Amino acid sequence: MSILRKRGDFVESEQQLARRHARGRVVLSVFQLATLIGVIVLVVLLLTIIKNSFGYSAVQNEVDPESLAVNGIPLESLTKSQLATILQANVSAGLFARFEHDQPIAERDAANIYDLIQEHVIAPEVEESWNLYDSLTKKDQILVLMNEQYPDAELQFLSWVNWDFVRSQQSSHPEIAGVRTAILGSLWTISIAIFFSLPVGVAAAVYLQEYARDNFLNRIIQTNINNLAGVPSIIYGILGLAIFVRAFGAFTSGVAFGAADSSTANGRTILSAGLTLGVLVLPLIIINAQEAIKAVPNSLREAGLGLGASRWETVWAHVLPNSIAGILTGSILAVSRAIGETAPLVVIGASTFIQVDPDGPFSKFTTLPAQIYQWTVRPQGAFHNIAAAASLVLLVLLLALNATAIVLRNKYSRRL
Amino acid sequence: MANSSNGNYAIKADKLSVYYGEFRAVREVDLGIEPRRITAIIGPSGCGKSTVLRALKSLCELIPSVHTEGKVVFGGRNIYELDVDPVEVRRRIGMVFQKPNPFPKSIYENVAWGARINGFKGDMDELVESTLKSAALWDEVHDKLDQSGTSLSGGQQQRLCIARAIAVKPDIILMDEPCSALDPIATLRIEELMHDLAKDYTIIIVTHNMQQAARVSDFTAFFSLSEDGKRAGTLMEYGETKHMFTRPEKKITEDYITGRFG
Ligand SMILES: Nc1ncnc2c1ncn2[C@@H]1O[C@H](COP(=O)(O)OP(=O)(O)O)[C@@H](O)[C@H]1O
Ligand SMILES: [Mg+2]
């Protein structure tokens, strides 16, 4: 029984209605397919990282750590002086003298000496590593291979990402290398980038949105900002190199402030990196903030101005509070992009090997993505494992940032 | 035009024209508003009623392409002279908009904010209470002053907007179709409120509702589009409401009032 009928020029028929529904279903499945592709890509990406972050390894220690235990107390629980004694007893006098020269043993803490023992005494070496997939499915073959090729080595199931990995500094041995320096470098550069770009970006957005008249000059500025957001990041690296590292080297290296030490007097510092990232995300922050400000209904501005408020009073009391959630979300998303940037930092000179923690804007630096990049291009398999592990750390950092964005947004939107 | 005035206007438009870019939305309006009276502005959609209100309040600059010609005399000055500060004009001429637009802040803050930025140094609690009472809202909100203004009903929001406007002690209150988004009961409350406020304030109300104009206003200004095809808003007839609604001078006014067009 059909309720359809011909009425005037409307030709409604069951077939026609069915065709319209069919078209709708086709479009719907295209959308679903697109979503599915996105999900698959994400899953594959995650699996690749996870696959390389865990798995069996053939580990060969120079010295068995258990043999270093004192009175049954394992190495990691020993006191600093006990560790120092073990270190002195197990390395050459020359090497020990070098440690002493780099930083007197007396000034080092237990963790530092423990690291030295790990690196120079126990000196674990991963002869071969297998990814998670192989580890789970081909354990028999791995065991056979171990017996044939590395009879002395120990088969360990390693999680390449672990607490030691997070808190250790860089090393040329992937077994003991960590990402502490890179994490600190990332946090430092990002903080400087935010510190620079957030106030500048929001101020520019307020100006463009609330004050600027719609004239030729302002339209050119707007177009340029929109285009800058799409400029490849490496261009920003070149810009940063030319301006922050070279032209303003005296400032970015801290010489002008008398704050430089001899190792960093060339401008390739945290400050240069942070400012470069700041300039990189500036257009994004401006555009996002503009969108957030645009979303504030005009009726609020009229109400504010209508009461005899000045433009700035209206912006401060009504426009900004009502757009702050959007501004923050947009800015954090922009900053998330900056955290993952590699190319511009490599261009302005992220250190390839650095073991000192950055301790201020004038320090040398590396960052997580720069570190991942440098490890990925190494030939040894174990470096690929720690590159994957570092990627996981980076992902966690990004998740934390985005979670902050959500929390902030909820906190501020509830006020409205 | 019919006008029982002694020449002491609260505000007066003098050959006022308003342009959006090239388009002249309002053409050479002469309109003197009687103090402490309610003046209704009626007319078909798009004839420039809202535009006139904005122009009287110096609120046009929000829209970038707008410019005005002619004068608006208020407090003895033409508000469009360069040395007159629009911020001061806007404080002394309050406005209530068609769609209730309370700030998404507490009820208290909605009333207090305008006073605070305008340098009010007295007892703010007292001001908020007396203002909300004048706006016939106190009884309904006195126990929830810290709730958001946007949580109120439409009619309450509109009365909050009126309270907000009178909290800064303006001379004139402009209302742009303040009841068009409200139900009949809320509308009635606003109309009663307007009657009370007219003791202290000059009120100009734009309305689409003939009965409302007849009920509340002392004077009525009828706007319509000019008949020369340029579609500019023109003041057609202006006079005491009782005359306008019984014996309009122009045919077009009568047609509009009796619902024959518009
Ligand atoms: N922001 C604007 N930009 C351009 N034209 C506008 C704008 N606001 C109103 N107009 C035009 O001005 C004329 C009068 O509008 P308005 O004052 O809102 O009329 P009313 O309030 O009587 O309905 C209309 O033709 C309208 O299209
Ligand atoms: Mg209107």
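The values are calculated or read from the model by the stated rules, or taken from the named source; none is laboratory data. If you're wondering where the values come from, they're calculated on a predicted model, not measured in any experiment. Methodologically, a virtual Cβ is constructed for each residue, glycine included, from the backbone with ideal geometry; neighbour enumeration extends over all protein chains shown. The accessibility values were calculated without ligands, DNA or RNA, using every heavy atom of the protein model including side chains. Shrake-Rupley method; radii C 1.70, N 1.55, O 1.52, S 1.80 Å.
Could you say whether any residue in the stretch B:156-169 is under 22 Å from residue B:54 (Cα atoms) and assigned to a loop (DSSP other than H, G, I, E, B)?
Within the stretch B:156-169, one or more residues are under 22 Å from residue B:54 (Cα atoms) and assigned to a loop (DSSP other than H, G, I, E, B).
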- request: Count, please, the residues in the stretch B:71-88 that happen to be open to solvent by less than 20 Å² (accessible area, probe 1.4 Å), touching a residue at least 24 places away in the same chain (Cβ under 8 Å) and either within 16 Å of ligand 2 (Cβ to nearest atom) or among the β-branched types (Val, Ile, Thr) (or both).
  value: 1
- request: Give me the pairs, please: first residue somewhere in the stretch B:44-55 and without any contact (Cβ under 8 Å) to a residue 40 or more places away in the chain, second residue anywhere and within 6 Å of ligand 1 (Cβ to nearest atom), beta-carbon distance under 9 Å, and either six or more positions apart or on two chains.
  value: B:54/B:63
message: I want to confirm something. Restricting to the stretch A:175-189 and keeping residues that are under 12 Å from residue A:358 (Cβ atoms) and hydrophobic (A, V, I, L, M, F, W, C), which single residue is surrounded by the most Cβ atoms within 10 Å (Cβ to Cβ)?
response: A:182
- prompt: assigned to a helix (DSSP H, G or I), more than 16 Å from ligand 2 (Cβ to nearest atom) and within 18 Å of the chain's Cα centre (by Cα): does that describe residue B:194?
  reply: yes
statement: Over the stretch A:66-106, the set of residues open to solvent by 60 Å² or more (accessible area, probe 1.4 Å) and either in contact with a His (Cβ under 9 Å, 6 or more places away or on another chain) or of a type in the set (Ser, Thr, Tyr) (or both) is A:67, A:77, A:79, A:81, A:85, A:90, A:92
query: Residues in the stretch B:232-252 that are over 21 Å from the mean Cα position of the chain (by Cα) and either outside any helix (DSSP H, G or I) or within 16 Å of ligand 1 (Cβ to nearest atom) (or both): how many?
result: 5
message: Going residue by residue through the stretch A:386-395, is there one that turns out to be under 22 Å from residue A:275 (Cα atoms) and either of a type outside the set (Lys, Arg) or surrounded by fewer than 16 Cβ atoms within 10 Å (Cβ to Cβ) (or both)?
response: yes
task: Please state which of the following conditions residue B:259 fails to meet, knowing it meets all the rest: (1) on the phi < 0 side of the Ramachandran plot; (2) more than 16 Å from ligand 2 (Cβ to nearest atom); (3) not hydrophobic (A, V, I, L, M, F, W, C).
output: (1)
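So in the stretch A:307-329, with the set limited to residues that are of a type in the set (Gly, Ala, Ser) and open to solvent by less than 10 Å² (accessible area, probe 1.4 Å), which one is nearest to residue B:88 (Cα to Cα)?
A:308
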message: Restricting to the stretch A:145-169, give me the number of residues that are surrounded by 15 or more Cβ atoms within 10 Å (Cβ to Cβ), within 30 Å of residue A:182 (Cα to Cα) and aromatic (Phe, Trp, Tyr).
response: 2
- request: Could you look through the stretch A:351-362, keep only residues that are in contact (Cβ under 8 Å) with a residue 60 or more places away in the chain and closer than 21 Å to residue A:340 by Cβ, and pick out the one that is surrounded by the most Cβ atoms within 10 Å (Cβ to Cβ)?
  value: A:358
query: Mind checking whether some residue in the stretch B:204-224 is within 16 Å of ligand 2 (Cβ to nearest atom), more than 30 Å from residue A:318 (Cα to Cα) and of a type in the set (Phe, Trp, Tyr)?
result: yes
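Look through the stretch B:206-216, keep the residues that are of a type outside the set (A, V, I, L, M) and touching an Asp or Glu at 6+ places or on another chain (Cβ under 9 Å), and return whichever of them is farthest from ligand 1 (Cβ to nearest atom).
Result: B:215.
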message: Can you pull out every residue in the stretch A:251-282 that is open to solvent by 10 Å² or more (accessible area, probe 1.4 Å) and at pLDDT 80 or above?
response: A:251, A:268, A:271, A:275, A:279, A:282
message: Return the residues of the stretch B:123-153 that are among the small types (Gly, Ala, Ser) and either within 14 Å of another protein chain (Cβ to nearest Cβ) or open to solvent by 50 Å² or more (accessible area, probe 1.4 Å) (or both); say none if nothing qualifies.
response: B:130, B:134, B:148, B:149, B:151, B:153
Leading residue by the ranking (nearest to ligand 2 (Cβ to nearest atom)) among those in the stretch B:30-70 that are under 16 Å from residue B:90 (Cα atoms) and among the charged types (D, E, K, R): B:54
- request: Please determine, by comparing only the residues of the stretch B:174-205 that are among the small types (Gly, Ala, Ser) and within 16 Å of ligand 1 (Cβ to nearest atom), which one is surrounded by the fewest Cβ atoms within 10 Å (Cβ to Cβ).
  value: B:180
- request: Filter the stretch B:31-53 for residues that are touching a strand residue (DSSP E or B) at 6+ places or on another chain (Cβ under 8 Å), within 8 Å of ligand 1 (Cβ to nearest atom) and either among the β-branched types (Val, Ile, Thr) or open to solvent by 20 Å² or more (accessible area, probe 1.4 Å) (or both) and give the result.
  value: B:46, B:50, B:51, B:52
field: Out of A:104, A:65, A:74, sole residue that is under 16 Å from residue A:164 (Cβ atoms), free of Cβ contacts under 8 Å to residues at least 60 places away in the same chain, out of contact with any helix residue (DSSP H, G or I) (no Cβ under 6 Å at 6 or more places or on another chain) and of a type outside the set (D, E, K, R)
entry: A:74
